[in-house]
Amino acid sequence: MSNLPIKQLVHDVLFQLEDSEPSELISCLNCRQAITATNYRTRVNDQHHHRFVNPDGIIFDVCCFHSAPGTIINGEATAQYCWFQGYRWQYAHCEHCADQLGWFYENDRNEAFFALIPSALSSKN
């Protein structure tokens, strides 16, 4: 394991795979930890942005990303109340401050993505 601070490791991962500019980083609104980058955006069911209502009647806007290295995935995977048919979900929290930022989805074909809450994120764009 590296002796670099976690924040630096996350930045290194984000910049290693893609030639991201710092202005393309998307951070946790609470603590400013780098979470993902604009070039990790993806489309699920032909859309990047989705709006759903949970069983408690709370409306969630989410945006899909194929990678979110600044998150930790928590909880047991479940298909209960899943917004994306054929997938199981787990919580995605900021690895630095533990705020919930959205959900991680994976199906039986090992296809996976993150559905992150834009109001919990900050972008310098």
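Points worth noting:
- Residue-wise HN-Hα coupling along segment 100-105, computed from phi with Karplus coefficients 6.51, -1.76, 1.60 (Hz; x: Gly, Pro): 6, 10, x, 9, 10, 10
- Of the trypsin sites (Lys or Arg not before Pro) in segment 38-108, those whose Cβ has at most 12 other Cβ within 10 Å and which sit in DSSP loop: R43
- A straight chain from N30 to H50 at 0.36 nm per residue would run longer than the Cα-Cα distance by 5.0 nm.
- Sparse-neighbourhood loop sites, chymotrypsin sites (Phe, Trp or Tyr not before Pro) in segment 73-107 - DSSP loop, at most 15 other Cβ within 10 angstrom: Y81
Bear in mind these aren't lab numbers, they're just calculated from the coordinates by the rules spelled out. These numbers were taken from a predicted model, which means no experiment stands behind them. Neighbour counts run over all protein chains shown; Cβ positions are idealised from the backbone, glycine included.
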